[in-house]
Each structure stands twice: as structure tokens, then as C-alpha cells.
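First comes the structure, then the notes that go with it.
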Amino acid sequence: MANEVTIVECPRDAWQGLRQIIPTIEKVQYLTRLLKLGFCHIDAVSFVSPKHVPQMADSEAVMQQLSEVKAGPGKAPEIIGIVVNAQGLERALATPGVTTIGYPYSVSAYFRRANANMSRAESRELVDRLQRDTKAAGKNLVVYISMAFGNPYDEPWGAEIIEETLVWLKNVGVRTVSLADTVGTASPEDVARLYGAVKNSVAGVEIGVHLHSRPEHAPEKVLAAYEAGCRRFDGALTGLGGCPFAGDELIGNIPTEAILTTLAARGVSTGIDTKSLAVACAMTEELREKYVHVQKTIPPITSTTVN
């Protein structure tokens, strides 16, 4: 149906910057409950250096245990594992249960160098390999265009740059792309304008959004993207997880509940009912109480945040 959407729940993005390590067993239990509550698209783990992202050091162990959980009836879940280099790709492909490889491709030269230490040519070469190897392994690939809605570095930016990137990705063979507002400064008008400008440039490619926002502006941004034609949304329950590159500490992941309630008000089918959402929010709040510091700190630019 035209009004159905894909909701991608992102505990990986929510957890990765936490200083307190969540035990492997609790991660597995949480992810298992998400699957049973109907969240069938989950950005679950990342295969990056444990030196930079200690929270994700147990990704293989998490997926090994999660892959042993019997899936419920219906379509098999999409489990996304994020990689930032060839070593991460090799780890992800060797890990059971990962169905989709995710890669952040930055259109900002400064952010690309600071976050992944790559040139534009090196990053594009990696995307070529990601597409070849994931296809050969029977897995999917989603590419996140970081800094898609602009950057704070006074670098060139415009819809034409995003369109060129999308066309290149399509030509490589990528069929799922997510536009990321990495610093969370895009207004609802910016979201609608960019999405509307590029959505028809790559027929056959699913274009989603991975937005950051102050909580009070989240519904407006979601609605702007939906009305512009977006049908794939990333979110994190209770807005857990922040955006270390934003100047405003209140800017973070868009709460999944804001996405679901905003779209439900428009009669949009999300596959998550009210009862399941309430349970998911409650168990996320439990994790927040146990592992999130009261005082939020803003970490330096590293590969910790990839979107």
C-alpha cells in the first residue's frame, strides 16, 4: 500500500556513545523483545574499532546469540550491521544474523576525513566493494549519506551534490539510501525541499531519512519527510542517543514513538500497535535508568557516530 512505511529502530545508534557498557546478554534480550514486539527492521550492531566504540566491542557475540532466537511468523527481520572500512565489512559478512550492511558515506570532506580518515575516492572505492561483496554474500546494503542536509564546516553543499551522489550510488547498484541530517539543523522546510528535489532522480532506489532533532520539532520533520514522499524512517525509542556534532545538547535521535504517533495520526500503517509501542518505550526507559548518565557529555569527533 502507498501509505505503508518502513520503521528502522536504531538501538546501535542509541547505545554506541554510552560510557557505561550494556552487558551482552541485556543487549540480546532487548533486541529479542523488539523483534517479538513487531520491530522487524533493526540497526543492531556496528563492526568498528572497540578502541573508538567500546560499546560495540561485542557485536559478534550479540549477533551469535540473537541469530539463535527463533523468528516469529511472517517476513524475516532485517538486521543491520554498520561498517566503516574493509575490516568491518569482513567481520560483518562473517557474522550470522546480519542481513544488511550499512555504510555512512559523507558528502562533507572534513567529516569524512575526521570520522573515517578517507578521501572521497577511497570512500567511493569502498562502496564499490561493499556492493560487490554484499551481493555475492546474499546480503543487502544501505548507504547513509551523512551531512545530506548541510554541514557546519562552510563546505560546498546543495541538492545537486546529493542528487549526484544518489545517481552514482544507483549506478554502483545500491538500492537503499538514507539521507542523514547528521548535525540536526535541518528545518522541516529543509527536509521537504531536499527530499522533494532528489526523490525522482533515481527511480527504483528506496530513499529514507535518518534525522536528528530537538524533541519538540521531531513531529514536524517526520511529517515534512512523509508528505514529500519518504516511506523509510530511522528512529530510536525515547530519543535515546545524541548527536555529538550538533551545537545544541537537546538535539538527538528522533524518538521512534514520535514517528509512529505522527504517522498514525495520518492513518499510516506502521506495523507497530499502541500496546507494543508502550512496552518498547518502557523497556527502553529501564535501560536508560541503568546505563545513561544524568549529565550528558558531548564526545569528540571519532567513528563513534556514523550517521
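No value in this document is a laboratory result; all are computed from the given coordinates. Given the structure is predicted, the values throughout are model-derived calculations rather than measurements. As a convention, Cβ positions derive from the backbone with ideal geometry for all residues, glycine included, and neighbour counts pool all protein chains shown.
Local charge sum around Val205 (other residues, Cβ-Cβ under 13 Å, Lys/Arg +1, Asp/Glu -1)? Cβ neighbours under 13 Å give a net charge of +3. Since only Val191, Tyr226, Asn85 are under comparison, the one whose Cα sits farthest along the positive direction of the charge dipole of the range 13-291, derived from C-beta charges on Lys, Arg, Asp and Glu, is Asn85. Each Lys or Arg adds one and each Asp or Glu subtracts one; over the other residues with Cβ under 10 Å from the Cβ of Val107, this totals 0.
Using the Cα gyration tensor of the range 175-282, with a ≥ b ≥ c the square roots of its eigenvalues, what is the shape: rounded (a/c below 1.5), prolate (a/b larger than b/c) or oblate (neither)? Since a/c reaches 1.5 but b/c is at least a/b, the shape of the range 175-282 is classed as oblate.
As a proxy for reagent exposure, Lys27, Lys135 were ordered by neighbouring Cβ count within 10 angstrom, fewest first; the result is Lys135, Lys27. Think of each Lys and Arg Cβ as +1 and each Asp and Glu Cβ as -1; about the Cα centre, that makes the dipole of the range 10-68 roughly 140 debye.
Take every Cα pair under 8 Å whose residues are at least 6 apart in sequence, average their separation, divide by the length of the chain, and the relative contact order is 22 percent. Each residue in Asp181, Asp273 was given a count of other beta-carbon atoms within 10 angstrom of its own, and listing them fewest first yields Asp273, Asp181.
State the antiparallel share, in %, of DSSP beta bridges confined to the chain, rounding to the nearest 5. The answer is about 10 percent antiparallel. Taken as Cα centroids, the range 1-56 and the range 156-235 sit 22 Å apart, rounded to the nearest whole angstrom. Assuming charge only on the beta carbon of Lys and Arg (+1) and of Asp and Glu (-1), the dipole of the range 13-291 about its Cα centre is about 760 debye to the nearest 20. Here the sum of -39500 (n - 2.57) over DSSP H runs of 4 or more residues, divided by the residues of the chain, equals -12000 deg cm²/dmol at 222 nm, to the nearest 500.
Ranked by the mean number of other Cβ atoms within 10 Å per residue, highest first, peptides 205-217, 149-161 order as 205-217, 149-161.
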